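A.B. asks: One structure follows; several queries about it will come next.
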Amino acid sequence: MARQLNAKILENARIKGSYFRSVLLSRQIASHSRPGQFLNIKVSSGTHPLLRRPLSIHGVDKKKGEIRILYEVVGRGSEILSQQKSGGVLDIIGPLGHGFDLRNLYPVTRNPILVAGGMGVAPLFFLAETLGQGPRKRHALHARVLIGGRTKEQILCENEFKSCGCRVEIATDDGSRGFKGKVTELLERMLRPPNPVSRIPSPESRIPIYACGPRPMLREISRLASVYHISAQLSLEEHMSCGIGACLGCVVKTRTGYQRVCKEGPVFNAEEIVWEKSFRKGGP
Amino acid sequence: MKRNLSVRIGKLVLKNPVVVASGTFGYAEEFRGFLNLKKLGAIVTKTLTLRPRQGNPPPRTCETPSGMLNSIGLENPGIEVFVKEKLSFFKRLGVPLVMSIASEEDPAEFVELAQRIDALREVGAIELNISCPNIRPQASGSRLQAKACGVQPAACSSLIAQDAHATHSLVKKVRRVTTKTLITKLSPNVTDITDIALAAEDAGTDAIALVNTLSGMCIDVEKRRAALAVTTGGLSGPAIRPMAVRMVWETYQKIRIPIIGMGGIIDTQSALEFIIAGATAVSIGTANFVDPAISQRIVEGLQAYLLRYKIKDVHSLVGALLL
Ligand SMILES: Cc1cc2nc3c(=O)[nH]c(=O)nc-3n(C[C@H](O)[C@H](O)[C@H](O)COP(=O)(O)OP(=O)(O)OC[C@H]3O[C@@H](n4cnc5c(N)ncnc54)[C@H](O)[C@@H]3O)c2cc1C
Ligand SMILES: Cc1cc2nc3c(=O)[nH]c(=O)nc-3n(C[C@H](O)[C@H](O)[C@H](O)COP(=O)(O)O)c2cc1C
């Protein structure tokens, strides 16, 4: 059950460029959070900005009661958040939403694939950490992680993923790190059957994919998932107001009608989503 | 000493004047765990229609200075599903339930909805949402309004609440079929709100709720596109408060029935502004998104204000603006 509370800021620091990480103290939220869930944070005490800002839970330390978030300064809300000092408190609501579904993962023999675009690493790292611990030690899974960004400046958490036992591959649009191209091209290479004529799916194709990132990336993963008959769980974003399912603002179109990103989501099965022309895309 | 916060809206007795506004409190269960729902004066549901409505495409909201635009488009499961799945929650709650209703096309639907609700014991009052700015793209509001006022669409504006005759005619039709407390919710998108309020009062509404959202628009200049998928939406939040307080004040001077005031209430002070301007009850909208427990805290804040000024009864504050 989500709660509203004042959490102490233990740490709030720039990690590089416009990216920040905070550590918040809330035993209650830390112990109930699951990968894919998020917090809705009141960044200002005034009315500008008025609404809370949703941020994924980036990781938790249940023993210490700590929650981590990872965010990029993109506007006024995140700017104000980045200026908060450790020692202060933040009014947060969480854990919110429906996280990644791990039920079908166990028992498995192969490690799942995580695909992150830019800030998409935020919830996926929590997932990698959780899989690395496993429901029991012997069920620990070490995910293969694909991280994409425009340049190497947008590649985050590489070492953190590695330190929880993940194999990391990187793609940048400009080739400044790793593979030159889209992270989804990397993914497709991995999924493509070794012998295209035989049409026998590659062994990877039975492995679930978990992804978070920009819409076009998620849409492409959705396409690949259907071509290669794999299941994919996508964490989506939409402009949010209440975060608790009341305002019906953050909906996404699915096969069964509009569903709320904050309640039924943010994680959806790829085949559920009806991809439409993005209203935000394009320009003059 | 306890102060009297209880107020009457039609036949309905509220233990305090703090209500939560339609569309901003879901069907209340979303807020369970964040506050004690039993402390509220009344709960207004998201507007319900005869048939389910899927609402508008996203993006449906956009933040604006000290406010937000929304174009939800009255997404709701329809009255049948509501009655079957959500109503029992309110039965156990014991807080007056106000059912907000609207129609897409036909004023006769308001009548049918009211008839059905009249038979529901759990429901304390009906709120007629004749002022939602977000249903035009799907079903032309002007057709609905045309039917209500009996003239050609071209001669009509878009919302029933923008036309005194249409308002009168609709309220009268609904009044005939229900003995439940009837609240008529007005739009601020008018030249003179008092004309519409007077029409609704004359047609037999028990109370006036005002205001619904103010029609607005926001543009992303980088993309040169409207921030909302359907271009325009309804503005709410502190940004509209001074306008809403003024409308309550103007209306209070002209009508005798109670006013439920709203528009940008975020704390006790802003709730008091509405009461002093003439609202018998206040409704909390957008602020529920920011702080899900705010309505309960406003109840406590009002109690404290009465104590501080040694006022025995909240009624003596209603319209108590010093001139
Ligand atoms: C469930 C969820 C989880 C999220 N997790 C993270 C996270 O872990 N780390 C992180 O950095 N960001 C995350 N975001 C996005 C984050 O909420 C927005 O970047 C933030 O709200 C921007 O606020 P702002 O005031 O700084 O910018 P604003 O001035 O409000 O906006 C700046 C730009 O960001 C866009 N934007 C604002 N809100 C959103 C949104 N909800 N979704 C998409 N675009 C938006 C605006 O259109 C605008 O172009 C998440 C969003 C959701 C819905
Ligand atoms: C997201 C959202 C949805 C709304 N939905 C409805 C609705 O279904 N019916 C209605 O009568 N008013 C609706 N409203 C209007 C509110 O009930 C209220 O009249 C308005 O927002 C002004 O109050 P506020 O500034 O406190 O939010 C909605 C407002 C918002 C922000």
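A.B. asks: How much of residue A:1 can a 1.4 Å solvent probe reach, expressed as accessible area in Å² and rounded to 10?
C.D. replies: 150
A.B. asks: Kirkwood Rh, Cα Rg: Rg to Rh for the protein assembly as shown?
C.D. replies: Using only Cα positions, Rg/Rh for the protein assembly as shown is 1.01.
A.B. asks: Using amide H atoms built 1.01 Å from N in the peptide plane, name the residues 5+ places from residue A:148, or on other chains, whose amide H lies under 5 Å from its own.
C.D. replies: A:116, A:117, A:118, A:171
A.B. asks: What accessible area per residue comes out for the protein assembly as shown, rounded to a whole number of Å², with a 1.4 Å probe?
C.D. replies: Dividing the accessible area of the protein assembly as shown by its residue count gives 42 Å².
A.B. asks: Roughly to the nearest percent, how much of the accessible area of the protein assembly as shown is carbon and sulfur, given a 1.4 Å probe?
C.D. replies: For the protein assembly as shown, the apolar C and S fraction of the accessible surface comes to 50 percent.
A.B. asks: Can you give the mean number of other chain Cβ atoms that lie within 10 Å of the Cβ atoms in peptide B:52-61?
C.D. replies: Mean inter-chain Cβ contacts per residue within 10 Å come to 6.
A.B. asks: Okay, moving on. Loop-only trypsin sites (Lys or Arg not before Pro) in segment A:141-193, please: DSSP not H, G, I, E or B, and at most 14 other Cβ atoms within 10 Å.
C.D. replies: In loop regions of segment A:141-193 (DSSP not H, G, I, E or B), the sparsely surrounded trypsin sites (Lys or Arg not before Pro) are A:150.
A.B. asks: Report ³J(HN,Hα) in whole Hz for each residue of segment B:102-107, in order, from the Karplus equation J = 6.51 cos²θ - 1.76 cosθ + 1.60 where θ = phi - 60°; Gly and Pro get x.
C.D. replies: Ordered by residue, 3J(HN,Hα) equals 8, 9, 7, 10, 9, x Hz.
A.B. asks: Do you know the relative contact order of chain A, to the nearest whole percent, from alpha carbon pairs under 8 angstrom that are 6+ apart?
C.D. replies: 16
A.B. asks: For the pair residue A:16 and residue A:1, how long in nm is the line joining their label points, each one 7 Å along Cα→Cβ?
C.D. replies: Placing both labels 7 Å along Cα→Cβ, they lie 4.3 nm apart.
A.B. asks: Further, regarding this structure: For B:31-43, what's the mean count of beta carbons from other chains sitting within 10 Å of each residue's beta carbon?
C.D. replies: Across B:31-43, the average partner-chain Cβ count within 10 Å equals 1.
A.B. asks: Another one. State the answer as a single residue: which of B:44, A:82, A:98 lies farthest towards the positive end of the charge dipole of the protein assembly as shown, with beta carbon charges of +1 for Lys and Arg and -1 for Asp and Glu, about the Cα centre.
C.D. replies: A:98
A.B. asks: By how many nm would the segment from residue B:313 to residue B:217 lengthen if fully extended, with 0.36 nm per residue of separation less the alpha-carbon distance?
C.D. replies: Computed gain between residue B:313 and residue B:217 is 30.4 nm.
A.B. asks: Also, I was wondering about something else. Once every DSSP H run of n ≥ 4 in chain A is given -39500 (n - 2.57) and the sum is divided by its residues, what mean residue ellipticity at 222 nm do you get, rounded to the nearest 500 deg cm²/dmol?
C.D. replies: Dividing the helical sum by the residues of chain A leaves -5500 deg cm²/dmol.
A.B. asks: Kindly state, to the nearest 0.05, the FRET efficiency for residue B:88 paired with residue B:8, given R0 = 30 Å and r defined as their beta-carbon distance.
C.D. replies: So, using R0 = 30 Å, E works out to roughly 0.65.
A.B. asks: Normalised by the number of residues in chain B, what is the relative contact order in percent for Cα pairs under 8 Å and 6+ residues apart?
C.D. replies: 20
A.B. asks: Give, ordered by residue number, each residue of segment B:13-27 whose 1.4 Å probe accessible area is reduced by a minimum of 10 Å² on adding the remaining protein chains to the chain alone.
C.D. replies: For segment B:13-27, once contacts with the other chains are taken into account, B:23, B:26 lose 10 Å² or more.
A.B. asks: A follow-up question, please. Please say if segment B:7-317 is rounded, prolate or oblate, where rounded means a/c under 1.5 for a ≥ b ≥ c the square roots of the C-alpha gyration tensor eigenvalues, and otherwise the choice is prolate for a/b larger than b/c and oblate otherwise?
C.D. replies: Note, shape of segment B:7-317 comes out rounded.
A.B. asks: What nm distance separates the two modelled labels at residue A:142 and residue A:253, each placed 7 Å from Cα along Cα→Cβ?
C.D. replies: In this crude label model, residue A:142 to residue A:253 measures out at 4.3 nm.
A.B. asks: Say a paramagnetic label sat at a point 7 Å from the Cα of residue A:150, along Cα to Cβ; which residues of segment A:57-91 have their backbone N under 13 Å from it?
C.D. replies: From segment A:57-91, the list is A:74.
A.B. asks: Each residue of segment A:24-29 in turn: what ³J(HN,Hα) in whole Hz from Karplus with 6.51, -1.76, 1.60 and θ = phi - 60°, glycine and Pro shown as x?
C.D. replies: 10, 9, 7, 4, 4, 6
A.B. asks: In the structure shown, do any of B:38/B:84; A:42/B:312; B:2/B:39; A:8/A:42; A:180/A:263 have a Cα-Cα gap over 25 Å, and if so which?
C.D. replies: A:42/B:312; A:180/A:263
A.B. asks: Pairs of alpha-carbon atoms within less than 8 angstrom and 6+ residues apart define the contacts here; what relative contact order does segment A:26-99 have, in percent?
C.D. replies: 42
A.B. asks: Here's something else I'd like to know. Nearest-5 percent of antiparallel DSSP beta bridges in the protein assembly as shown?
C.D. replies: 50
A.B. asks: Does segment A:64-172 come out rounded, prolate or oblate, given a ≥ b ≥ c as the square roots of the eigenvalues of its C-alpha gyration tensor, rounded meaning a/c under 1.5 and, failing that, prolate meaning a/b above b/c?
C.D. replies: oblate
A.B. asks: Calculated FRET efficiency, residue B:179 and residue B:300, Cβ-Cβ r, R0 30 Å, to nearest 0.05?
C.D. replies: Working from the Cβ atoms, E equals 0.30.
A.B. asks: Listed here are the pairs B:172/B:254; A:63/A:152; B:15/B:91; which of them are more than 28 Å apart at the Cα?
C.D. replies: In this structure, A:63/A:152 exceed 28 Å between Cα atoms.
A.B. asks: Once amide H atoms are placed 1.01 Å from N in the peptide plane, what residues at a sequence separation of 5 or more from residue A:254, or on another chain, have their amide H within under 5 Å of its amide H?
C.D. replies: The answer is A:259, A:274.
A.B. asks: Given B:99, A:210, B:123, which one lies farthest toward the positive end of the charge dipole of the protein assembly as shown, if we put +1 on the Cβ of every Lys and Arg and -1 on the Cβ of every Asp and Glu?
C.D. replies: Toward the positive end, the furthest listed residue is A:210.
A.B. asks: Could you run the Karplus curve 6.51 cos²θ - 1.76 cosθ + 1.60 with θ = phi - 60° over segment B:246-251 and give me ³J(HN,Hα) per residue in whole Hz, x for Gly and Pro?
C.D. replies: So the Karplus estimates, Gly and Pro as x, are 4, 5, 5, 4, 5, 5 Hz.
The values are calculated or read from the model by the stated rules, or taken from the named source; none is laboratory data. Not measured: the values here are computed from a predicted model. Quick reminder, even Gly has a Cβ in these numbers, built from the backbone with ideal geometry, and neighbours come from all protein chains shown. Calculation scope for accessible area: heavy atoms of the full protein, side chains included, ligands and nucleic acids excluded. Shrake-Rupley method; radii C 1.70, N 1.55, O 1.52, S 1.80 Å.
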